[in-house]
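Here the structure is laid out as structure tokens; the discussion comes afterwards.
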Amino acid sequence: MGGNSPCASCKLLRRRCTKDCIFAPFFPSDEPHKFVMVHKVFGASNVSKMLQELPLHQRADAVSSLVYEANARMRDPVYGCVGAISYLQNQVSQLQMQLAVAQAEILCIQMQQEPALPEPQMDAGDKSFVVHNELSSMAQFMNHPSTSNVPQEALKREYPWS
Amino acid sequence: MSNPTRCAACRYLRRRCCEDCALAPYFPSANPHRFACVHRIFGASNVARMLQQIPVEQRRQAADAIAMEAYWRVQDPVYGSVGVISMLQREISVAQCELAETQAQITMYASQAQSQPNQIAAAQCLVEDVHLVPSQPSQPPFPGLYQRDDIPQETLQRHF
């Protein structure tokens, strides 16, 4: 949006902030650090292209996620968001193991008490963890899976493109 | 002297691939889609600059992480890897609830085995309370960042 105050992006890029500036609604002048991070990691032109390809009602969320990712990459230049994802998947795995142990314990207790009782409906094992499918498709991007240390636990899946 | 087998980056950018090409070690010609995603999201010059700012021994991991983030962003142009984080956090919430419920059931069964009515009543209340606890509110789409010093050392050593 035009007016007296250019948006943070136009201020950084030192250009005139027009009425239809694509960045203006999402990078106000009072939050310059947001655009600085996004520009440093993704580049203004790439962000502009990404936003142009999205419907208007989704651009705010897209900008927020880009800021988040840029921030994560600046905090951790090697792993960025992927470090957090690996940590969370490790938590999921640990909880799965704990759940399996607990369910086995229940079965043992029930078998000891009254073997004739019907077994409880244990459906935790049937839960599908959608994210594993999401992560499995990432295997194609591992060039040297035997040598790279970036989340092997998160990515040890089939390699459809090998 | 140029590299007769151009890396994926130089092939995509239609330029000569020098022997000291900064991107060649991490974007081999066998996987052109990988660089295409990275270039689309981050840009070749940004990636080259980011990699050059990282110690050599960590550049391969960094390139892989950048490729992953680019891939997720291409798959989900709105949320990218943040969508994956959000999904994982939801799964953790669900798993924690299930675990609490299962452990409460264990307590109840154990009390039954010991035939102690007071403990049985308390354990039954615990199981009912687990069912009454409202499901975890859906995580905000932008959870707090996980700083490196928040990641347990054993996890870091295992994965990285």
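Listed values, structure above:
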quantity	calculated
Any hit, region A:16-30, residues being under 24 Å from B:E69 (Cβ atoms) and open to solvent by 10 Å² or more (accessible area, probe 1.4 Å)	yes
Filter result for the condition that a residue is under 18 Å from the mean Cα position of the chain (by Cα), open to solvent by less than 50 Å² (accessible area, probe 1.4 Å) and without any contact (Cβ under 8 Å) to a residue 60 or more places away in the chain, over B:V47, B:V82, B:V78	B:V78
Candidate set from region B:50-62 (those that are crowded, with 16+ Cβ neighbours inside 10 Å and more than 15 Å from A:A72 (Cα to Cα)); member that is farthest from the chain's Cα centre (by Cα)	B:L51
Of all residues in region B:53-84 being touching a Ser or Thr at 6+ places or on another chain (Cβ under 6 Å) and farther than 13 Å from B:P25 by Cβ, the one that is farthest from the other protein chains (Cβ to nearest Cβ)	B:W72
Residue in region A:70-88 that is farthest from the other protein chains (Cβ to nearest Cβ), counting only those that are open to solvent by less than 10 Å² (accessible area, probe 1.4 Å) and in contact with a His (Cβ under 9 Å, 6 or more places away or on another chain)	A:A70
Output for region B:19-43, where each listed residue is within 23 Å of the chain's Cα centre (by Cα), closer than 19 Å to A:F42 by Cα and open to solvent by less than 40 Å² (accessible area, probe 1.4 Å)	B:Y26, B:F27, B:R34, B:F35, B:A36, B:C37, B:V38, B:I41, B:F42, B:G43
Any hit, region B:114-127, residues being modelled with pLDDT of 70 or more, open to solvent by 10 Å² or more (accessible area, probe 1.4 Å) and in a helix (DSSP H, G or I)	yes
The one condition in (1) under 30 Å from B:I92 (Cα atoms); (2) modelled with pLDDT of 95 or more; (3) at the interface with another protein chain (Cβ under 8 Å from one of its Cβ atoms) that A:V67 fails to fulfil	(3)
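The values are calculated or read from the model by the stated rules, or taken from the named source; none is laboratory data. These numbers were taken from a predicted model, which means no experiment stands behind them. All Cβ positions, even for glycine, are placed from backbone atoms using ideal geometry, and neighbour counts span all protein chains on display. Side chains are part of the model used for accessible areas, which takes the heavy atoms of the whole protein and leaves out ligands, DNA and RNA. Shrake-Rupley method; radii C 1.70, N 1.55, O 1.52, S 1.80 Å.
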